[in-house]
Structures are given as structure tokens and as C-alpha cells.
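> Pasting in a structure now, in C-alpha cells, and then I'll have a few things to ask.
The values are calculated or read from the model by the stated rules, or taken from the named source; none is laboratory data. Owing to the predicted nature of the structure, the values given are computational and were not obtained by experimental measurement. Using ideal geometry, Cβ is built from the backbone for each residue, glycine included, and neighbour counts are taken over all protein chains shown. We work out accessible area using only protein heavy atoms, side chains counted, and drop any ligands, DNA or RNA first. Shrake-Rupley method; radii C 1.70, N 1.55, O 1.52, S 1.80 Å.
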Amino acid sequence: MLKVKAGDLDKMGLLFERYHRPLFGFLYHTTGQVAHSEDLVQTVFYRMLKYRHTFSGEGEFRTWMFHLARNVVNDAAKKNNKVQYEADITQMSERTISTPSADVQLETKQESEVLHQALAKLNPEHREVLILSRFQELSYQEIAEILKTSEGNIKVKVHRAMKELKEIFLKETN
């Protein structure tokens, strides 16, 4: 990114190749919408170019990128006057691990659907920290930098989010 900042815009293609999938994963898990997430990925890369002067190189590039992505999601939500999470359960369940037993496959598919429904019911702040920590596998320190808070605060938020997700999941399965 430092080379892009210095004017070598051809390096943006390399950044896209390396980071568009994790970025799409974050956006998809945040919005639950494939097409919308693809559009948001493009918006994030556009903003990387537009705001390349703000990248200092002191922190990790991924942290800066996810911070921009978070802003893009928030801006899109403001534009639409609401945050939507509409996961396509059939697409998500198709990604489950297949097993030889049809019973096990069905049970796994059903649990996956319930889990994604529970994730959709989380408040957006809890969903966001779970997506960053569990799906994107960012460290608590990286998440703290993205959300402009302390690492301890992130640990508390993740703990509370997991507790809330577990409660919702258990209610859905009963």
C-alpha cells in the first residue's frame, strides 16, 4: 500500500488479488447479501485509492482496510436508513462439510441454518466483532485498532457476543 500511496497505482491490482476474498467474507457476513457485498468490495477499493494518503504504514494494512470497510458498511446503512442482514441460508448451507451419512448432512445443514439465523438476530455491534474475530480471524488488537477502542474492551465485546449468540442459538433449537 505504501507503493500505491507513493503513486505506483499498478500495485493496487496486487492488493485486490490478495485481499478481495477476506474483504468480501467480512462484508458478506456483515450484510448477508452477495451482490451488495460485491458492490461494497468495489467501494472499499475505490476508497483505498481515494484515501491512500491516510495510510501511514505504521499499522497493518489489513487493519486499515477493515476500518475502511466498516465505514463503507456504515455509510451504506445510513444511505438505506437501516442495517440489513439477509443471509441466503441456502448458499450458506451449501458450504457445510459434506459427510457420507445423509442424517449427519441434514443435521449439519439444519444447525448451520439455525446458527446463521441466530447470527442475524445479534445486535450489529456484536455481529461485527464476531465476524472480525471468528470469520476473519483478526486478533483482538487488530479489532481494537479497527474499532478505535482498547483490546480489553474487544475481549469483553466478543465474550458478550458469544454469550448472546449461544442464548439465541439455544432458543432457536428448542
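> Ignoring ligands, DNA and RNA, what percent of the accessible area of segment 1-75 is carbon or sulfur (1.4 Å)? List each step's numbers first, then the result.
Values: 1990 of 3950 Å².
Carbon and sulfur together cover 50 percent of it.
> Return a whole-number percent for the relative contact order of segment 106-174, with Cα pairs under 8 Å and 6 or more residues apart as the contact set. Mind showing how you got there, number by number?
Values: 45 pairs, mean separation 27.1, N = 69.
Once divided by the residue count of segment 106-174, the mean separation gives 39 percent.
> Just list whichever of Lys3/Lys148; Lys78/Lys157; Lys78/Lys155; Lys5/Lys50; Lys78/Lys163; Lys121/Lys163 have alpha carbons separated by over 18 Å in the model shown.
Numbers: Lys3/Lys148 26 Å; Lys78/Lys157 23 Å; Lys78/Lys155 27 Å; Lys5/Lys50 10 Å; Lys78/Lys163 28 Å; Lys121/Lys163 13 Å.
Pairs exceeding the cut-off: Lys3/Lys148; Lys78/Lys157; Lys78/Lys155; Lys78/Lys163.
> Please compute the Cα-Cα pair-distance distribution of segment 1-87 with 5 Å bins starting at 0, giving whole percents from short to long.
3, 14, 26, 25, 16, 10, 5, 1
> What's the local net charge at Leu49, with K and R +1, D and E -1, over the other residues with C-beta under 14 Å away? Don't skip to the answer; put the middle values down first.
Values: positive: Lys3, Lys5, Lys11, Arg47, Lys50, Arg52; negative: Asp8, Asp10.
Net local charge, Leu49 excluded: +4.
> Share of Cα-Cα pairs in segment 108-174 beyond 14 Å, in percent? The partial results should precede the final answer.
Working: 1249 of 2211 pairs.
Of all Cα-Cα pairs in segment 108-174, 56 percent lie more than 14 Å apart.
> Output wanted: per-residue J couplings in Hz (rounded whole) for segment 161-174, from phi through Karplus 6.51 cos²θ - 1.76 cosθ + 1.60, θ = phi - 60°, x for Gly and Pro.
5, 5, 4, 5, 4, 4, 4, 5, 4, 5, 5, 5, 8, 8
> A further question on this structure: Could you pull out every residue, at least 5 positions away or on a different chain, whose amide H is within less than 5 Å of the one on Gln33? Hs are placed 1.01 Å off N in the peptide plane, and Pro or chain starts have none.
Those lying under 5 Å, H to H, from Gln33 are Glu86.
> A further question follows. Work out from phi, with θ = phi - 60° and the Karplus expression 6.51 cos²θ - 1.76 cosθ + 1.60, the ³J(HN,Hα) of each residue of segment 133-147, listed in order in whole Hz, and give x for Gly and Pro.
Computed from phi, the couplings for segment 133-147 are 7, 8, 8, 8, 6, 7, 6, 4, 5, 5, 5, 4, 5, 5, 8 Hz.
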